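S.K.: Got a structure for you, questions after.
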Amino acid sequence: MMTVSERQSIRVPNLPFGKMVDENGHPNDDELNFRQALVGNLQQLFGNNGVAITQHTAADITIIQNNQNQNGQYTCQFGTLIYDTDNNVLKVALDNGGGQPIFKTIVTL
């Protein structure tokens, strides 16, 4: 079973280590794979119709807001936008006042 982070659709690939071009200046396979992944993901995120927000279920959003690294620090950054597919709303991660992220629904007037 995949974790929430493994199901995320937008990923920025890691820059490959080592030589990225051959002796003739042509990109090697690692460089080509990196570039294809980066450009493909950016095209998903920044489409012709605007920025695409990552979509998650309400259960996944709870996991994301409560996720902590090995040092006990929350991994979700304040200001993170997520589309809640269960409730059909856009949410943003805010500080709950104690340094913990909490997702709040963005309400339109």
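S.K.: Can you tell me which residue among Leu38, Leu94, Leu42 is part of a strand (DSSP E or B) and either out of contact with any His (no Cβ under 7 Å at 6 or more places or on another chain) or modelled with pLDDT under 95 (or both)?
M.R.: Numbers: Leu38 fails: part of a strand (DSSP E or B); Leu42 fails: part of a strand (DSSP E or B).
None of the other options fit; the residue is Leu94.
S.K.: Test Glu23 against the criterion of being exposed (fewer than 12 other Cβ atoms within 10 Å of the Cβ), among the acidic types (Asp, Glu), at pLDDT below 85 and out of contact with any Ser or Thr (no Cβ under 6 Å at 6 or more places or on another chain), and give yes or no. Give the derivation first.
M.R.: Details: exposed (fewer than 12 other Cβ atoms within 10 Å of the Cβ): yes; among the acidic types (Asp, Glu): yes; at pLDDT below 85: no; out of contact with any Ser or Thr (no Cβ under 6 Å at 6 or more places or on another chain): yes.
Taking the combined requirement at face value, the residue does not satisfy it.
S.K.: Within the bounds of the range 19-35, is there any residue that is assigned to a loop (DSSP other than H, G, I, E, B) and within 19 Å of Val92 (Cα to Cα)?
M.R.: First, the residues of the range 19-35 that are assigned to a loop (DSSP other than H, G, I, E, B): 19-20, 22-26, 28.
Those still in the list that are within 19 Å of Val92 (Cα to Cα) too: none.
Within the range 19-35, not a single residue is assigned to a loop (DSSP other than H, G, I, E, B) and within 19 Å of Val92 (Cα to Cα).
S.K.: Could you list all residues from the range 58-91 that are closer than 22 Å to Asn41 by Cα, in contact with a helix residue (DSSP H, G or I) (Cβ under 9 Å, 6 or more places away or on another chain) and either assigned to a loop (DSSP other than H, G, I, E, B) or not hydrophobic (A, V, I, L, M, F, W, C) (or both)?
M.R.: Once the filter is applied, which keeps residues that are closer than 22 Å to Asn41 by Cα, in contact with a helix residue (DSSP H, G or I) (Cβ under 9 Å, 6 or more places away or on another chain) and either assigned to a loop (DSSP other than H, G, I, E, B) or not hydrophobic (A, V, I, L, M, F, W, C) (or both), the range 58-91 yields Asp60, Thr75, Cys76, Thr80, Asp84, Thr85, Lys91.
The values are calculated or read from the model by the stated rules, or taken from the named source; none is laboratory data. If you're wondering where the values come from, they're calculated on a predicted model, not measured in any experiment. Heads up, the Cβs are rebuilt from the backbone with ideal geometry, glycines too, and the neighbour counts pull from every protein chain shown.
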